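One structure below.
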Amino acid sequence: MLTDRYNRKVDYLRISATDRCNLRCIYCMPQDGIVQKAPSEILSFEEIIRITKLCASIGIGKIKISGGEPLVRKDCFKLLKSLINLPNIKDVSLTTNGMLVKKYIKGLKNSGLKKMNISMDTLDAQKFRRITRTGKLIDVLNGIDAAIEEGFFVKLNVVMLKGINDDEILKFAKFAQEKQIIVRFIELMPMTDNRLLNRSFYMSCEEIKNKLKVLGSLKPIDTEVFGNGPARYYKIEEVSVIVGFISPLSCKFCLHCNRLRLTSGGILMPCLVSQEGVDLKDPLRNNQSEEEILSLIKKAILFKPPEHNLVLSFPRQYLMSQIGG
Ligand code: SAM
Ligand code: SF4
């Protein structure tokens, strides 16, 4: 098992399958989208598989496919299926905005995927439009139902935006109870250069927990049971609901950070907010040897900083959609 300079084991790779997206969430993308990479600048299926195999050879066994919106990538099912079948890969999951889940449910099922994180920040159709700037809530709701019907293990991701959806915290708990899924509340991270948005909409997980307490007491559960990442889980026994909290700002999770991130353009990032990434695309395309690529992967692990430097108004080098949040 590989460890970094701070003795953290690194066993998790998040892959951004594409920087494209069919939504324009206010906290993630500029209104007009991003300047998209030319298809030739995006890692091919074969390149992603090669990198993953090399990562697996040094102990990375858990993969998350994210984006952009991974389901807009044409070969997404083929990619999922191949990753699931790679030796030494024990766990593959997908993070999606849910818009295309119903349409593609058979392909997802046939790929062998079992787990999906679906992002949906509101249960109100008008607010959904405001947050995503486009898109219809009903498509995500249908996607969630389709995923549940097909037996997927579903976790709902909700980015909490003060003054926009914080009046829906209890509604989300009820929704999770009805659907028998897990709901995870995520603190807003300053990933766009919109300082006003970053500051005024931020709400801490502690504030969210306090609002949930009217339903019952929050009993901590073993985190590894429900995920590979930084979320902390609690059961509210009185209503039989499991809630998760992802607190990158109020409670840094860097001490236990186990992950690397691969951008769709082939940069291996040691940290979500790192300024230093290691390019793997050009070395792959220049036919560098497996040993050379492997040493670049190890270099990225060595670059892992002790902790991130996210502050409420800091514009980032890469957008969330490019790194694969
Ligand atoms: N498009 C897919 C989706 O929305 O689920 C996958 C990519 S998206 C970048 C992955 C996750 O990052 C989503 O749950 C999204 O809500 C979250 N996210 C994006 N920007 C964020 C921000 N500024 N702060 C907190 N979470 C963010
Ligand atoms: Fe697209 Fe996901 Fe970013 Fe929303 S959060 S713009 S759905 S990549």
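Before moving on, here are some points about what is shown:
- The calculated FRET efficiency for Val239 paired with Asn7, based on their beta-carbon distance and R0 = 51 Å, is about 0.85.
- In percent, rounded to a whole number, the relative contact order of region 12-323 is 20, using alpha-carbon pairs under 8 Å and six or more apart.
- Whole-Å distance, taken between Cα centres, linking region 272-295 and region 99-160: 33 Å
- Using θ = phi - 60° in the Karplus curve 6.51 cos²θ - 1.76 cosθ + 1.60, the 3J(HN,Hα) couplings for region 264-273 round to 5, x, x, 8, 8, 9, x, 7, 3, 10 Hz; x is entered for Gly and Pro.
- Expected 222 nm ellipticity per residue - DSSP helices of 4 or more, -39500 (n - 2.57), all of the chain, to 500: -8500 deg cm²/dmol
- With each label modelled as a point 7 angstrom along the Cα→C-beta vector, the Lys90-Ser40 pair spans 4.2 nm.
- Between Arg50 and Glu291, the contour length at 0.36 nm per residue exceeds the Cα-Cα span by 85.5 nm.
- The simple spin-label model puts a point 7 Å past each Cα toward its Cβ; for Asp222 and Ser200 those points are separated by 4.6 nm.
- The length gained by stretching the chain between Asp282 and Lys179 to full extension, at 0.36 nm per residue less their Cα-Cα distance, is 32.6 nm.
- Between Asp11, Asp19, Asp167, the residue with the greatest mean-square fluctuation in the GNM of the chain (Cα pairs under 10 Å linked by springs) is Asp167.
- Selected from Ser264, Ser111, Ser66 as most flexible by GNM, with the chain as the system and alpha-carbon contacts under 10 Å: Ser111
- D by Stokes-Einstein for the chain, Kirkwood Rh over Cα pairs, 25 °C, 0.890 mPa s: 123 µm²/s.
- Take 278-286, 151-159 and order them by the average number of nearby Cβ atoms within 10 Å per residue, most first; the result is 151-159, 278-286.
- Long-range amide H partners of Asp91 with built H, under 5 Å: Ile63
Every number in this text was worked out from the coordinates using simple rules, so none of it is lab data. What you see is a predicted model; the values in this text were computed from it and never measured. Cβ: placed from backbone, ideal geometry, glycine included. Neighbour counts: every protein chain shown.
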